[in-house]
Structure formats: C-alpha cells, structure tokens
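As structure tokens, the structure follows; a few thoughts come after it.
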Amino acid sequence: MTEKKPVSRAAKTPAAKTPTKRTAATKRPSPAKASAPEAPTRRSTRATRPPAVESQSPIGDSIETGLDMGSGPVPTTIAELKALHTTEIEIPLSTGEVVVTVEAESVESAGQGEYELNEIPTRRGRKRGVLSSVPEPVAMLTPDRVLEVTREVVRPEGFPNNAIYWSTLGLVNRGDSPAVLHRKAIDAAISRRFQGGSRYVPVLTRKGGVGKTTTTALLGMALARVREDRVIAIDANPDRGTLAERFPKSTDKTVRDVVSQASSIQSFTAFSDYISRDRNRLDVLASDTDPLLSEAFDENDYNVVADIVSKYYTVVLTDCGTGIVHSVMKATLERANGLVIVSGGSFDEARLAAETLTWLESNGYADLVRQSVVLINTATQGTNLVNLKEIENHFKSRVREIVRMPYDPLLAAGSVVEWDRLKPHTRAAARELAALVMDGLE
C-alpha cells in the first residue's frame, strides 16, 4: 500500500500562468515599439546659469535622464537640469519622456583659443605666485593683482593724539582730535563743488553801519582760502560803496568800466585788469566812488557785470546797498542762490533785519528767506544791553541758520582787513558762516 503524501494548500490552487516565450513566427509586434517614424522632439535652449527661483516642473518627479552624474545627485526637476551648463533636453511630443544630452561647452578667450568649461583659469584657491596649469586670459591681468599698493598712514593732528602716536612709534593711532575733525568738516563744507554754473550770494540789510561790507569781505576771504576755484566779491551799492577799501587796491577801475568795456572783455586775462586780488585769492570788483555817477548803476548794468563774471567764477558775492527797493536789488535777488542778512546786536538793528525778511517774504522771495543765513554782529553798540538769545530765537523761526560775529578791534577800525591778524574766534566765525552758506546752495 502506497503512502499518500500530504498536499499543501498552495498546491491545490490553480497554478499561475507563467509567460511563455513566443517564437519569432508567432510574436506580435508591440504597438509602442512598432517601427514608426521617429517622433518629433522639442529642443530647449541652453542655460548657462541656474535661475534665481526654481520653477515647478510640468512633468513632475518622473524625469528619466541619460546623464552620467557620477557620484552626485541625479536631477529630478527642470530647474536642476537647467543648472547644468551644457545640457540639452529632448522631450518627444508623443511620449513625454525626457532625454538629457550633455555636450562639452567651450569658452573662447581672445587671442588664446578655447578652454573647456571646467578648465577656465581662475585664481580662486590658488596661492599667490603659483603658476596656472592652463594659459590665462588677458582679463586676469588686473591692477590689484600686479600693483603693489602701499596703504598711506594718516597721522593724527592735535594734542594729545599726536603725542600718543609719536610716543608709541606709530603703534597707537587714535585719529584726529575733535578740534581737528571740526576744522576738516568746515573745510569740506566750504570746498563743496557745484554743477551747472555760478552761485550768487547777496549780502544785504536795510540799515547801514552794521557790518555788511565787512561781512562780505570776511565771507569772501574764508571761501577763497579753501576753495580751489575762483571767488569774486562785487560792490553793487548804488551809492558810494566801500568794499574795495577793505583790500589792497591794484586798479582804479570799477563796475562802470566793466559795463562800458563789456564788448572787449573776452577772456579772464582781459577781465583781470578790472579787479583787485588780495593774499587769499579773493577778487574784488569796486563800485564807483563818485556818488553822482554811481546812481547810474542800475538793473541792466548789474546784469551785464553778472553775465561776464559767470564765465570765470564759481561763487559770486554781492555787497548790496541799503536801498532794498532799488532796481539793482531786484536784479541781485533774481539771480540769488543763497542769502546773507546782516543784523546788529541792538534792538533797532535786529528789528530792521527782521523787517527785511518780511519784505522779502511779501515780494516773492519766501523760499530764499527760509534758506538764508542771518549774521548777528555783536560788535555794534547796545549789544550788551539786549538778550541775544531771544534775538536768535526769533531769526531761527524764520531762516535756516544763525551765526554770531564777535568783536574784533581790527574790524572795528574800518580799514584794510588782514586775515592772519584777525582774532582766532573771528576767523572761526567767518569760516562757519562760509560753510553754512555753501551748505545751503543747490
């Protein structure tokens, strides 16, 4: 009797159909692999740099690539494929499959043939003095690579920083002192450069004897000592002006001579015969000394002079007279880029200066008033009897800046002004005025 072997449950189930190999005669051609003409493809443009923001791939994550990436990650989006420098992507229109083809891109250097992309010369990671393995293009021969630039050491000015610098043999450099920094800041403001023609700055007041002409002289000296261009001060007083008396005179010619000989003045050399120049390089054009003739200097005459000086000067100061309604004043204010109002330290002098601002505001010069600078001359009589702080507060509510001019015996004499003989605080006030005026010009 034969022993029956147990049959497993798996054996009782019908056997799965295993695919059988078809012979060559019975094999049916697959529709997908039928010998049909090759499907047209879209060839994308080359991308030399990865985009700033990755775009979403319209194909999703099922991109098959034929790119040998080595040990690196396989790109899975269109953005990653575009990051390759020399990648061409073929997308058959029928199947949507992606085939990536890589070609070696070359970079041509003028006069030195072509480089493969991975062989472009670079100095990154290469020590100074090490020879490149491939010829370098001429663009790599830069000034910062070749020139040996020595950094200039700025030695501090002023005590005690200068003493510390020398005592430590230059090892400790604390920089300039606050006083030196202030002086350099003033120089930088005074030497400000302008584009687009000359700048006109009238100096005026409605009261004589408050130091208007002296202020014009000090302002011009402070500007001319620092600025590298030309500065001129014109005496446009329709009465007898005294601006030329504040400087050593080198000519007797006046604004009247410039007007009468305007057609013959075609160069700065010709114009220099009509002016006086002091040690500070400030040029001065005097007014007529005869009161009967000076009254003939009107608006048209000033425009003739202003047109001539605009060819040779960057900053033009105008010493105006007390007649604010004179026609010369109108021509002066129409050209003004800035304005200096001079006031004395007494009550009536400050009141007249304030009335000058009111007249300007009511006659269409409100913008000029807001940008103007008021100089308070404390050398006038009655200054010690008033509260200067309250006068300053009034002007600060109406103008841009306030400057105090201290008493100086050399200025009180009313003679020739010598800059080097002035008191230090007088020179400092004049320089501050010059810096503020230049800072307000457009």
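General observations
Per-residue answers, yes or no, for (1) among the aliphatic types (A, V, I, L, M); (2) within 37 Å of the chain's Cα centre (by Cα); (3) more than 21 Å from residue 192 (Cα to Cα); (4) crowded, with 23+ Cβ neighbours inside 10 Å:
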{"site": "224", "(1), (2), (3), (4)": "yes, yes, no, yes"}
{"site": "227", "(1), (2), (3), (4)": "no, yes, no, no"}
{"site": "233", "(1), (2), (3), (4)": "yes, yes, no, yes"}
{"site": "237", "(1), (2), (3), (4)": "no, no, yes, yes"}
{"site": "245", "(1), (2), (3), (4)": "no, no, yes, no"}
{"site": "248", "(1), (2), (3), (4)": "no, no, yes, no"}
{"site": "254", "(1), (2), (3), (4)": "no, no, yes, no"}
{"site": "259", "(1), (2), (3), (4)": "yes, no, yes, no"}
{"site": "266", "(1), (2), (3), (4)": "no, yes, yes, no"}
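- Note on the stretch 272-303: residues that are aliphatic (A, V, I, L, M) and either surrounded by fewer than 16 Cβ atoms within 10 Å (Cβ to Cβ) or modelled with pLDDT under 90 (or both) amount to 3.
- A single entry from 187, 273, 239 fulfils the requirement of being part of a helix (DSSP H, G or I) and touching a helix residue (DSSP H, G or I) at 6+ places or on another chain (Cβ under 7 Å): 187.
- Residue match in the stretch 162-176 (condition: in contact with a Ser or Thr (Cβ under 7 Å, 6 or more places away or on another chain), surrounded by 15 or more Cβ atoms within 10 Å (Cβ to Cβ) and either without any contact (Cβ under 8 Å) to a residue 12 or more places away in the chain or outside any helix (DSSP H, G or I) (or both)): no
- Scanning the stretch 325-350 for residues that are within 16 Å of residue 209 (Cβ to Cβ) and in contact with a strand residue (DSSP E or B) (Cβ under 9 Å, 6 or more places away or on another chain) yields 341, 342, 343, 344, 345, 349, 350.
- Selection within the stretch 200-214 - in a strand (DSSP E or B) and under 21 Å from residue 278 (Cα atoms): 200, 201, 202, 203
- Within the set 156, 135, the sole residue that is assigned to a loop (DSSP other than H, G, I, E, B) and under 30 Å from residue 220 (Cα atoms) turns out to be 156.
- Evaluation of residue 213 against (1) touching a strand residue (DSSP E or B) at 6+ places or on another chain (Cβ under 6 Å); (2) under 28 Å from residue 404 (Cβ atoms); (3) surrounded by fewer than 21 Cβ atoms within 10 Å (Cβ to Cβ) (one fails), failing number: (3)
- Considering only residues in the stretch 362-383 that are in contact (Cβ under 8 Å) with a residue 12 or more places away in the chain and over 30 Å from the mean Cα position of the chain (by Cα), the one that is surrounded by the most Cβ atoms within 10 Å (Cβ to Cβ) turns out to be 377.
- For residue 393, the test of being loosely packed, with under 15 Cβ neighbours inside 10 Å, within 30 Å of residue 258 (Cβ to Cβ), of a type outside the set (D, E, K, R) and out of contact with any helix residue (DSSP H, G or I) (no Cβ under 7 Å at 6 or more places or on another chain) is failed.
- Any pair with Cβ under 6 angstrom, 6 or more apart, that starts in the stretch 260-289 at a residue that is in contact (Cβ under 8 Å) with a residue 12 or more places away in the chain and closer than 16 Å to residue 248 by Cα and ends at one that is surrounded by fewer than 16 Cβ atoms within 10 Å (Cβ to Cβ) and among the small types (Gly, Ala, Ser): 276/250
- Candidates 233, 244, 217, 224: the one that is among the small types (Gly, Ala, Ser), in a helix (DSSP H, G or I) and in contact with a Ser or Thr (Cβ under 8 Å, 6 or more places away or on another chain) is 244.
The values are calculated or read from the model by the stated rules, or taken from the named source; none is laboratory data. All values derive from a computational prediction rather than experimental measurement. Virtual Cβ from ideal backbone geometry, glycine too; neighbours counted across all protein chains shown.
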